Structures are given as C-alpha cells and as structure tokens.
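Asker: The structure's right below; bear with me while I get my questions together.
Laboratory data are not the source of any read-out in this text; all were calculated from the coordinates shown. Worth saying up front: this structure is predicted, and the values here are computed from it rather than measured. Cβ sites come from the backbone with ideal geometry, for glycine too, and all protein chains shown count toward neighbours.
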Amino acid sequence: MKHEILMSGKMYAKTMEVLDATYTTHKLWEAPDQKKKLAELAPRIRAAAAGSGKFDAAMMDALPNLKLIANFGVGVDSIDVKAATQRGIAVTNTPDVLTDEVADLAMGLVIAAARRMAFADRYVRDGSWVNKGSMPFTRRVHGKTLGILGLGRIGLAIAKRAEAFGMPILYNQRRKRSDANYRYVADLTEMAKLSDFLMVSCPGGPETARLVNEKVLRALGPDGIVVNIARGSVIDEPVMVRLLKEGAIGGAGLDVFADEPRVPAELLAMDHVVLQPHQGSATPETRTAMGQLVIDNLAAFFANKPLLTKVG
Ligand code: 8YV
C-alpha cells in the first residue's frame, strides 16, 4: 500500500509526477476547504512535501502525526522551523544543487543592472536606436567592488564568479569565516559605503528582515547598485523604491520581492532596474535535482533511514 503525503504547495511538475506515482498525494491547494481537509487527513499524515506557500504552526498543530516537512527549495523561511522543532517535526531543504544556478543569475543581474541590458533591449526593439541614435552610457562592472551580504554557499559561488571579473570582494554577515580569503566588514553600512555593488545572498526570515534599510542603501550611494537573489524581505522594499526614484541609489537587479508575484508598480516604470520573476533556480537541471532531494528525503523517512539534508 502506498504511503500518504500532504503536499502543501505546488512544485516542479516533474517532481510532482514522481510523488504522485510513489505516494497517495493530497494537494492542499486543490481543497475547497483547507482546514477541513487537514482535519480529515490528520490521523494519517506523517510526512509533507512543501512547495510554494506557507507552512505555519497552525498547520503543524492540525497534523499531530506529522514528522517530516520536505521543502522544495534551500530557503525555509516559508516554514516555521522553530515551531516544527518544538513539535519534533524534521525539516529538510535542497542545498548545494542550486548554488551555481543562482550564482549565475546573480552575476547576470550585476551585469544587466550595470549595463542596463533590459532597457537597452527595449531601446533596440522600440526603434529608439534608429530614431534617437546611441543609447546613454552605462556603468562598468569589471574591477568594481562587490559587497556580499551573506557569504554562504551561494555567496561564495558568486564571489568566485566575481573574481573572474577582477572585482575586489567584501562580505558581511554575523561572523567572519575562517576559510574565506575575502575581506570581512563587520558593519553592513560600512560595507555598502565601500561597495559599488551590494549583493544580497543571505537567508530570509525574521532575523534578516529589512536588514538592507535606508541607512545601508544611502551608504551604497547614487553610483551603487543593489542586487537581490535572496528574499525580498531582506531589503526594505518601499525605501529602496523611493531611493531608486530619487536617484539616491544608482540601480537594482532584483529576482525576489517582498510580496511575490506582486512587484511595486513604481519599479515597473524604472529603466535603471532589471526585474526577474524569482527564477534563480529555475532550469530543468536544477529543479530536477531539487526535486530529487525532496523525493530522496521522503524515501529515507519512510524507510526509517537518516534524512539527507536536514535543516538545523
Ligand atoms: C524556490 C528558492 O524555492 O531554493 C530557494 O530557496 O528561492 C527557490 O529555489 C523555488 O522557486 C521553488 O518554489
């Protein structure tokens, strides 16, 4: 007999196909009354696969036999991990397999924002090149200083790429790494002041909420560019929008937003920002590998084997 699992949110379609073939899956987003559905499933659900959307303490309380939440994604900020730990529920994520994919997009955003590639593309398409001549000059990337907020797996992969562009690298996080040869700057505002590009690559969640505030952004300055491939919550978004509008910061490359998929209307009208629909890990290779970790963690759980990528 197949085990039953709860799926709290959608994930990569091919991963869902495998889960559907392996388990009796209950897709919460398809239930007209989710509370009722959870109550009905409560006695039987021991494991859940989490895709987009929240997994909060109330959902955990509704599932007293839940022992595992296997998250599709490295960031677990949509799951109340503390509440899970208190209830003896393990949480797994999908680290490493997406690191290089996200780092590629991060460097792409550095270049796209500095060289205004999205604006330039529109400039060609709308006939401006023909009608107005050359477009305005943009900003240099190589040799400019990159300040990385969060030198974790993804931050390190970005640093490695930036080195190839001859960029001096600074980083800020709670603690200095003993294994990294980049300059640690203990104060984020100070790092922003020293940087041409501020790269946000730290985890989301309450601990980093609006860490990139007005003071930090003003320190980055009118020639500075902020790039975010982490979570929209890390930047004070309304403040960033205002400072971009005022020219107090020079530009932005953003893959993530505070209230996805909604993006502030003011950003849509700006030529000095490049916007992406949270696609950092979105290639078939990487999404397949992320899905495999969800599949393998669930399989390990039901086989009473150690989980592969447990958080915390
Ligand atoms: C998303 C991500 O999880 O891994 C993460 O933390 O942000 C992404 O890979 C992905 O969009 C799945 O919904």
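Asker: Quick one: order MET135, MET107 by neighbouring beta-carbon count within 10 Å, fewest to most.
Answerer: By the 10 Å Cβ count, ascending, the order reads MET135, MET107.
Asker: What angle, in degrees between 0 and 90 and rounded to the nearest 10, separates the Cα long axis of helix 153-164 from the longest principal axis of the Cα atoms of the chain?
Answerer: With both axes taken from Cα atoms, the answer is about 30 degrees.
Asker: Using the Kirkwood radius built from alpha carbon pairs, what does the Stokes-Einstein equation give as D for the stretch 1-103 at 20 °C and 1.002 mPa s, in µm² per second?
Answerer: This corresponds to a translational diffusion coefficient of 153 µm²/s.
Asker: From the phi of every residue in the stretch 29-43, what ³J(HN,Hα) in whole Hz does the Karplus formula 6.51 cos²θ - 1.76 cosθ + 1.60 yield, where θ is phi - 60° and glycine or proline is x?
Answerer: 5, 8, 7, x, 10, 5, 4, 5, 4, 4, 4, 5, 7, 2, x
Asker: Measure nothing fancy, just the Cα-based angle from helix 99-114's long axis to the longest principal axis of the chain, in degrees from 0 to 90, nearest 10.
Answerer: 30 degrees
Asker: Highest first, please rank the peptides 78-84, 226-232 by the mean number of other Cβ atoms sitting within 10 Å of their residues.
Answerer: Going from most to least packed, we get 226-232, 78-84.
Asker: To the nearest 10 degrees, how steep is helix 13-22 against the longest Cα principal axis of the chain, on a 0 to 90 scale?
Answerer: With both axes taken from Cα atoms, the answer is about 10 degrees.
Asker: Using the Cα centre of the chain as the reference point, and only Cβ charges (+1 on K/R, -1 on D/E), how large is the resulting charge dipole? Debye, rounded to the nearest 20.
Answerer: 360 debye
Asker: Can you pull the three principal axis extents for the Cα set of the chain, in Å, largest first?
Answerer: For the chain, the Cα spread along each principal axis is 67, 48, 31 Å.
Asker: Continuing with this model, one more query. When the Debye formula is applied to the Cα atoms of the stretch 99-275, each taken as the same point scatterer, what base-10 log of I(q)/I(0) results at q = 0.17 Å⁻¹?
Answerer: -1.01
Asker: Here's a follow-up. For the stretch 41-70 and the stretch 125-165, write down the distance between their C-alpha centroids in whole Å.
Answerer: Using only Cα atoms, the two centres lie 41 Å from each other.
Asker: Now for a separate question. Compute the relative contact order of the stretch 99-275 as a whole-number percentage, counting only Cα pairs closer than 8 Å that sit 6 or more residues apart in sequence.
Answerer: Value for the stretch 99-275: 22 percent.
Asker: Where both residues lie in the chain, what percent of DSSP beta bridges are antiparallel, nearest 5?
Answerer: 5 percent
Asker: How would you rank HIS142, HIS3, HIS272, going from fewest to most other Cβ atoms within 10 Å of each one's own Cβ?
Answerer: Placing the least packed residue first, the sequence is HIS142, HIS3, HIS272.
Asker: Now, a different point. In whole percent, what relative contact order does the chain give with Cα contacts below 8 Å and a gap of six or more residues?
Answerer: Taking the mean separation of contacting Cα pairs over the length of the chain, I get 17 percent.
Asker: Number of Lys pairs in the stretch 99-275 with C-alpha atoms less than 17 angstrom apart, excluding same-chain neighbours closer than eight positions?
Answerer: 4
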